[in-house]
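The structure appears below as structure tokens.
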Amino acid sequence: MSYREMTETRQSCRAFDPARIPGRDALAQLLEAARLAPSACNSQPYHFYIAQGETARAVGKTTRSLGMNAFTVDVPAFFVIAEQPYNPSAAVGARMKDQDYRAADIGLAVSQLVYRAHELGLATCILGWFDEKAVQRLVGTSARVRLIVAVGYAKADDALRPKKRKTAEELATWL
Ligand SMILES: Cc1cc2nc3c(=O)[nH]c(=O)nc-3n(C[C@H](O)[C@H](O)[C@H](O)COP(=O)(O)O)c2cc1C
């Protein structure tokens, strides 16, 4: 699949097949894609907790409340992404330029992870709705948990949806 095809056909999965469970090797390939992501001053200010089996079931529970993310009951694996401190040069850069590079860094790593998953035929959904304290307790960290990525296989009848996006004119200004 070309990169263009990848960007046109990746979608957030909300219909996971509970019977199909990605193996450790596949999950390790997603981790490797995230590991190679660029980051400000190569700081890599994140840590990945990879939950499978009973732990995944427990992580999934923390993503469901107020009717949100009901589908995660069927998700067999999760990446929990915790923010880590900057390295010294990124810390100086962020302070001097008044920027939050860590949010960008985590987003880039997650992007590489989900596109590698798509390449491998795995389905993902990035999750920003979760009980942070409960996840911290589960994975054993006091670091801020910024994102969770659900990973598994889509149900066979999960169709490709048309993309709903702003137009290029709305999104960009050519100077
Ligand atoms: C930071 C972030 C948080 C998100 N949180 C959730 C979430 O909690 N639950 C959910 O179902 N989708 C979540 N999504 C998925 C978005 O809804 C989805 O990417 C967007 O609607 C575009 O659809 P697509 O990914 O299928 O192209 C999140 C995406 C991002 C980038």
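In the set (1) open to solvent by 70 Å² or more (accessible area, probe 1.4 Å); (2) of a type in the set (Gly, Ala, Ser); (3) within 25 Å of PRO162 (Cα to Cα), SER2 fails one condition alone, (1).
In the condition set (1) open to solvent by 70 Å² or more (accessible area, probe 1.4 Å); (2) more than 16 Å from the ligand (Cβ to nearest atom), LYS61 is compliant with all but (2). Residues in region 122-153 that are aliphatic (A, V, I, L, M) and farther than 20 Å from GLN112 by Cβ: ALA134, VAL135, LEU138, VAL139, ALA143.
Within region 150-175, residues that are at positive phi and touching a residue at least 24 places away in the same chain (Cβ under 8 Å) reach no partner that is among the acidic types (Asp, Glu) and surrounded by fewer than 10 Cβ atoms within 10 Å (Cβ to Cβ) with beta carbons closer than 8 Å at six or more positions or on different chains. Summed over region 124-157, the residues that are of a type outside the set (Lys, Arg), within 11 Å of the ligand (Cβ to nearest atom) and surrounded by 15 or more Cβ atoms within 10 Å (Cβ to Cβ) give a count of 9.
Scanning region 5-47 for residues that are within 16 Å of the ligand (Cβ to nearest atom), open to solvent by 20 Å² or more (accessible area, probe 1.4 Å) and assigned to a strand (DSSP E or B) turns up SER12, TYR46.
The set of residues from region 158-168 being surrounded by 13 or more Cβ atoms within 10 Å (Cβ to Cβ) and among the hydroxyl-bearing types (Ser, Thr, Tyr) is empty.
The values are calculated or read from the model by the stated rules, or taken from the named source; none is laboratory data. These numbers come from a predicted model, not from an experiment. We place every Cβ from the backbone using ideal geometry, glycine too, and count neighbours over all the protein chains shown. With ligands, DNA and RNA removed, areas are computed over all heavy atoms of the protein, side chains included. Shrake-Rupley method; radii C 1.70, N 1.55, O 1.52, S 1.80 Å.
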